[in-house]
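Following: one structure in structure tokens, then a few remarks.
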Amino acid sequence: MTSGGRAVSPAAAWTLVLLFLANVLNVGDRTLLGVVTEPVRHDLTLSDTQMSLANGLLFVLFNLVGGLVIARLIDRGNRTRILALGIAGWSISTAATGLAHDFATLSLARIGVGIGEATAFPAAMSLIPDLFRQQVRGTAVAVFQVSTFVGIVGGTVLAGVLAAALGWRSMFFICGATGMFVAAVLALTVGEPERETPADRNEATGTWVADLLAGLRRVCGMPGFVPLAVAFGVAGMVTAVLNAWGPAFLQRLHGVPLDRVGIVIGPAVGIGGMAGTMLSGPIADRLVRGRASVSAMLRLPLFALPLSAPFVAGFVFAPSLTLAMLCAAVMNVLISVAFVPCVNYAITLAHPGDRGLTSTVMLVSYGLIGGALGPFIVGGLSDIMTPRLGAEGLRFAISAMIVTPLVAAAFLLAAIRCERF
């Protein structure tokens, strides 16, 4: 990787390695409880509703809301120290999950994981622009984003193996200890890079609440940012629906046994997502260099997202399992292409003092629109149609997502038209 004809510094490369590892743990640790839901529920005598609250609503709520406050601290303070504390915090909470004995203690541990993990994304999105020039920044963001898929696959596999061999409590202890080690390495080997400090740098305004609100007004007031954030969230709806309803879809419509669902859907999600993410960074960088326009990077998702819609339809209506999974793989490649350019454009558009907050607002949009609204719509439509259509009700419910890549592309086009670079 080069920048302006010079190799990226070893310090920048090492920092990116540790950011990659931190996000692998970030994503991996949040998947652990889902893998061992049944033994945890049985041992703690919890209901399905209690498990869904602890692993869903409470985690997401504190992760997203806490993330806005933490992002402001990242924009104002020492980012590497805050990230190291965040890794240590969520790792301690991960280990504490192994000590849970009822719903309250399990929920507290998951809340701790959610708050700690709110440091990873904004810290990385604030650090990377100060470590990598615009010409290679997309590639650096892509490398970081690939860690998401490594964390999903690695966390799922590791949790299953360790829990089966040592028990679910020991699995949480081991994963928590691993995070503490990475936090120590980060704190001891990575210094705080110099921030970009243009003359109009935004300074803190009054209380932290006033400063946060002022920052949100600046971020949401950036030309094209609101349609960009909406596009980012809408683009994530298909991926979130595939994760939430894909296994049930394969079981109901294609007769895939429960013990084979992960083997069938894993390659399409993991390999497809990693391929699209890694391709998008260098291609977006080349578009920016070739056209001398920052918004040129958005032309890539503007092309890829509409192209993914037929493959979404193919996954939903394919008559065979093989064809459905091939469509899912191509669909994941094309949709994953959208994520890196959108995030890279947002942090480039943002003031250096607002990058942590900017990336967190993008993440909130992705979580609320993609992660929450998409699966909710499919679930609601399925409940309405299944009594009349049987298993086909889920098929037609998921088909409502076919239009979402086109909607996301429309919002992207609106963002491009607002460019003022």
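Every read-out reported here was derived from the displayed coordinates using simple, explicitly stated rules and does not represent laboratory data. The structure presented is a predicted model; accordingly, all values stated were derived computationally and were not measured. Cβ: placed from backbone, ideal geometry, glycine included. Neighbour counts: every protein chain shown.
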Notebook entry, point to check: Over the chain, with a single point scatterer placed on each C-alpha, what log10 of the ratio I(q)/I(0) does the Debye formula yield at q = 0.06, 0.07, 0.14 1/Å?
Noted result: -0.24, -0.32, -1.36
Checklist line | Vicinal HN-Hα couplings computed from phi for the range 133-142 (Karplus, 6.51 cos²θ - 1.76 cosθ + 1.60; Hz; Gly/Pro x) | finding: 5, 4, 5, 10, 5, x, 5, 5, 5, 5
Item checked: In sequence order, calculated HN-Hα J values of the range 114-130 (Karplus, 6.51, -1.76, 1.60; Hz; x Gly/Pro) -> x, 5, x, 6, 5, 7, 5, 5, x, 5, 5, 6, 8, 6, 4, x, 7
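Tell me the net charge near Ile70. Cut-off is 12 Å between Cβ atoms, Ile70 excluded, with +1 for each Lys or Arg and -1 for each Asp or Glu.
+1
Below 8 Å between Cα atoms, with a sequence gap of 6+, how large is the relative contact order for the chain in percent?
Details: 656 pairs, mean separation 95.7, N = 421.
Here the relative contact order equals 23 percent.
How large is Rg/Rh for the range 284-379, to two decimals, with Cα atoms and a Kirkwood Rh? Before the final figure, lay out the partial values.
Numbers: Rg = 16.1 Å, Rh = 15.1 Å.
Ratio value, two decimals: 1.07.
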Note to self: Using Cα springs under 10 Å in a Gaussian network model of the chain, which residue among Leu363, Leu44, Leu18 shows the largest mean-square fluctuation?
What the structure shows: Leu44
Notebook entry, point to check: For the range 203-421, rounded, prolate or oblate, judged on the Cα gyration tensor with a ≥ b ≥ c (square roots of eigenvalues), a/c < 1.5 rounded, else prolate if a/b > b/c?
Noted result: prolate
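Tell me the mean residue ellipticity at 222 nm calculated for the chain from its helices only (DSSP H runs of n ≥ 4, each -39500 (n - 2.57), averaged over every residue, nearest 500).
Details: 18 runs with 331 residues, N = 421.
Rounded to the nearest 500, it is -26500 deg cm²/dmol.
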Margin query: Based only on other Cβ atoms within 10 Å, what is the fewest-to-most ordering of Trp168, Trp14, Trp245, Trp90?
Written below: Trp14, Trp245, Trp168, Trp90
Item checked: Computed log₁₀ I(q)/I(0) - Debye formula, equal Cα scatterers, no solvent, the range 8-194, q 0.11, 0.19, 0.20 Å⁻¹ -> -0.47, -1.23, -1.33
Checklist line | Inter-label distance for Glu392 and Gln251, nm, one decimal - labels placed 7 Å from Cα along Cα-to-Cβ | finding: 2.3
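Can you compute the charge dipole magnitude of the chain about its Cα centre, using +1 on each Lys and Arg Cβ and -1 on each Asp and Glu Cβ, nothing else charged? Give it in debye, rounded to the nearest 20. Walk me through the numbers on the way to the answer.
Details: 26 positive and 20 negative charges, 173 e Å.
Magnitude of the dipole: close to 820 debye.
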